[in-house]
Amino acid sequence: MTLQQIYFGYFATMMTIISLLVVSRKNPVHSVLWMLVLFVHMAGLYLFLNAEFLAAVQIIVYAGAIMVLFLFVIMLLNLRKEEKEFRLQKQWPVSAVTAVLFLVVLVSILGKITVLPELGEYSIDMINAQGSLMTIGNVLYTKYLLPFEIASVLLLVAIVGAVVLAKKRIE
Amino acid sequence: MDLPITITLMDIRAIVPELTLICVGLIIMLLDLVVKKKDLVALAGIAGTVLALFGTYKLYGVTDTQFVFSNMFVLDGYANFFKVIFYINLILTICISIKYMEIEKSSFGEYYALLLFATSGMMIMASAADLIVLYLGLELMALSTYILTGLMRKQPRSNEAAIKYFFLGAFSSAFLLYGISLTYGMTGTTNIKEIAFAISTLGIADNPIMYLGLIFMIVAFSFKVALAPFHMWAPDVYEGAPTSITAFMSVGPKAAGFAVMGRILMGAFGDMQAQWVTVLIPLAVLTMATGSIIALSQTNIKRMLAYSSIAHAGYILLGIIAGTPEGLTASVNYLMIYTFMNIGAFAIVIMLRSKGFQGENLDDYKGLAKSHPVAAALMLIFMFSLAGIPPTAGFIGKFYVFMELIGSGYTPLAIIAIIFSAISAFFYLRIVVYMYMKDAEQEIVLTQSPTMNIALAVTSVMVLVLGIFPSFLLYFVRYSIMGY
C-alpha cells in the first residue's frame, strides 16, 4: 500500500464510521460534535485532492459557522424529550436494506472504472503550478460569472424565506 | 496568468428577461413596505412579467441559437418556448391568487416576489447549457416553491407540506449532484454540448458509470416532475400548499423539469438513448398507473388533481420516450395545453374557497350546476379537457403524443397509455356527475374577483380554441424546436 492509499483509506473509513455515529447518538449535542469531526475529515479528503482552498473553506464555513448555528438551534429545543426517544424511525429496516442494495450497485461498478486520459482544462499539474486559490479566483468572476450571480439570487431568496416564515405576524 | 473579463453587451442582452423578473421581484419587496393594498403589488408583478415576456419576444427568432456567458447559457427557440409557458403560468397564478391569499390571511408582498424568483429559476433551467447553471436554476426554483408552500404559517398542514417538500427536494438535489459529479468524472466537463461530444469521442456510452450518472439525474428530474415512484411528496404537498401555489407548482416546476429532461437526455446523452429509454418506459407506465388508479379513491379535490397531474406527467414523458424531435414537439405542445387546463381547474377550486369554508371536498361540488351554472360549465370544460375528450385541447395534446409514440414504434406503450387515460376519465367525469346530477348539500358561495374572471376566461377560451384549431400552437412549437 502506498502512502496515498493509507491516507485516503483512513479518511474514507473514518467518515463512514463518524456518519453512523452522527445519526445514531441519542444526545443531539453529541451528534453535532461528531458532525464537527466529520467536517474536519472531509477537509482532509479535499487536501488529498489538492484542493487546499476548499479544505480551508470547509473548516471555516462548515466547522466554524454552520456548526455554531446547529448548536444554537439545539439549545432552543427541548433536549430532555429527544433523549428518551429512539433516534431511528420505525421504517429503518427498509432504509437499511435500500442502503445495502445501493452499496452493492456502487461496488459492482467499482471494477468498471476505466482511467481515462486526463480530461478537462484544469489538470492537476496546472493547478499545482498555479495554486487552487488562484485557479478558482481566475474563473469565478469570468467563466463562472453567471452561476456566481445566480447563487447570489438564491441566497437572497433563502434570506427572504427565513424572514417570511419566521417573522412575527402583524394582524 | 491574466484572464480578461469577456462579458459583452450581447451576453447581458440574452438574460434580460431573467434580469427583469429578478429586478421586479426586488422592487415588489420594497413596494410592499409602502403600499398597503396588496392588489397593486400583484399588478406590479403582472406588469413585470409582461415586460419580461416582451423581452423574450424581442429575442425570439431574432438570433439563431446562441451561447453566452462562456457557454453557460443558451438562447434558442426551445428555451424561449418554455419561457412563454412559465410567463403564462406566472400571470395566471397571480391572477387567481390575489383574492385567495386575502381569504387565507397570507397576502404578503413577498408572496409575489417569490413567485417571480421561482419563475426566473425555471427560466434559467430552461436556458441552462451547463450543469452547474442548471443546478443553480433548479435550486432557485425549488427554494422559492418550498417557501411558498409553507406560507400559510398558521395551518399545520401547510407547514407539514413545506417540510416534506423541502426534505425530499434536498434529497433529490443530492441525487442530481451525484449524477453530475459522476458525469463530470467521466467526461471532464459540465457543459451539455461538450458532454455529448465527450461521450461520442471517448466511446463511453456503454460505461456503467455513465449509466449510473444518467440514472441519478433521471431520478432527480423525476422527483421534480413527480413521476412514480418518486411522486410520494406530491399529494401531501399539493394538498397542504395554498391552492394557488398548488396550481403554480403543478405546472411550473413540472414544465421546467421536462425542459431540462429534454435538453439533457437528447442534448447531452443523445448517444445513450437506448439506455435512457429503457429506464423511462417503466417509469412512464408506473406513473400513469399510479396517477390514474389512486386518483379514483380520493375525496379531496386537491389530492385528486395531484394524482391527475402525476398521470399527466406520465403522458408528457411519452413524447420524450419517442425520442424524436416530433415526439419532443408533442410533449411541449401537451405541456402548453396542460398549463391552461390545469390552472383553469384550480381556479374553480379556489373560487369555492370562501371565508370559513374550505370547499375542497368532492361533495362540495354536488349541485353546483344549479346554483352556479357558469362556474359548473367551466369546470366541465376543464374536466373534459383533463380527461382528453374532444373537442377540448386535452384531447389534442394526448392525441399528438400517442401518434408520435406509435410513429416511433412503441405501439404497446401507446395502448397502455390509452387504457389508463380511459380509467382516468372516471374520476374527472365523477365531478361532472356531481355538479349536474346530484342535489346540493349546502349553499356554496363563490369568491369572485375581476382578475380571477380574466384568468378563467383566458384558460377556458384557450382550452376550447386549441381544441378546435390545434395546428396554430403545433406550428408554433415546431418552429421553436426546429433549431434544437
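For this structure, a couple of remarks:
- Qualifying residue in the range B:64-83 (condition: free of Cβ contacts under 8 Å to residues at least 40 places away in the same chain and surrounded by fewer than 21 Cβ atoms within 10 Å (Cβ to Cβ)): no
- Positions within the range A:123-171 being surrounded by 13 or more Cβ atoms within 10 Å (Cβ to Cβ), more than 7 Å from chain B (Cβ to nearest Cβ) and within 16 Å of B:Ser120 (Cα to Cα), in sequence order: A:Phe148, A:Glu149, A:Leu156
- Count of residues meeting criterion [surrounded by 14 or more Cβ atoms within 10 Å (Cβ to Cβ), in a helix (DSSP H, G or I) and in contact (Cβ under 8 Å) with a residue 40 or more places away in the chain] in the range A:1-27: 2
Okay, residues lined up against (1) farther than 30 Å from A:Met126 by Cβ; (2) at pLDDT 90 or above; (3) not in a helix (DSSP H, G or I):
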position: A:Val29; (1), (2), (3): yes, no, no
position: A:Leu36; (1), (2), (3): yes, yes, no
position: A:His41; (1), (2), (3): no, yes, no
position: A:Asn50; (1), (2), (3): no, no, yes
position: A:Val61; (1), (2), (3): no, yes, no
position: A:Phe70; (1), (2), (3): yes, no, no
position: A:Met75; (1), (2), (3): yes, no, no
position: A:Glu82; (1), (2), (3): yes, no, no
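- Filter result for B:Asp363 (over 30 Å from B:Pro282 (Cα atoms), in contact (Cβ under 8 Å) with a residue 12 or more places away in the chain and part of a helix (DSSP H, G or I)): yes
- Scan of the range B:181-190 for residues that are at the interface with chain A (Cβ under 8 Å from one of its Cβ atoms) and either under 15 Å from B:Arg263 (Cα atoms) or part of a loop (DSSP other than H, G, I, E, B) (or both), ordered by number: B:Gly188, B:Thr189
- Selection status of B:Ser309, in contact with a Gly (Cβ under 9 Å, 6 or more places away or on another chain) and either buried (at least 24 other Cβ atoms within 10 Å of the Cβ) or in contact (Cβ under 8 Å) with a residue 40 or more places away in the chain (or both): yes
- Per the listing B:Lys83, B:Lys38, B:Lys58, B:Lys105, the residue uniquely at the interface with chain A (Cβ under 10 Å from one of its Cβ atoms) and of a type in the set (D, E, K, R) is B:Lys105.
- Only one entry of B:Val401, B:Val349 meets the criterion of being closer than 18 Å to B:Arg303 by Cα, part of a helix (DSSP H, G or I) and within 25 Å of the chain's Cα centre (by Cα), and that entry is B:Val349.
- Annotation: B:Leu177 fulfils all but one of (1) touching a residue at least 40 places away in the same chain (Cβ under 8 Å); (2) buried (at least 24 other Cβ atoms within 10 Å of the Cβ); the unmet one is (2).
- From B:Phe384, B:Phe395, residue being surrounded by 22 or more Cβ atoms within 10 Å (Cβ to Cβ), in contact with a helix residue (DSSP H, G or I) (Cβ under 9 Å, 6 or more places away or on another chain), under 30 Å from B:Tyr87 (Cα atoms) and not β-branched (Val, Ile, Thr): B:Phe384
- Matching helices (runs of 4 or more DSSP H) fully within the range B:191-241 where at least 2 residues are of a type in the set (A, V, I, L, M, F, W, C), in contact with a helix residue (DSSP H, G or I) (Cβ under 8 Å, 6 or more places away or on another chain) and within 11 Å of chain A (Cβ to nearest Cβ): B:192-202, B:208-225
The values are calculated or read from the model by the stated rules, or taken from the named source; none is laboratory data. These numbers were taken from a predicted model, which means no experiment stands behind them. Glycine gets a Cβ as well: all are built from the backbone with ideal geometry, and neighbour counts include every protein chain shown.
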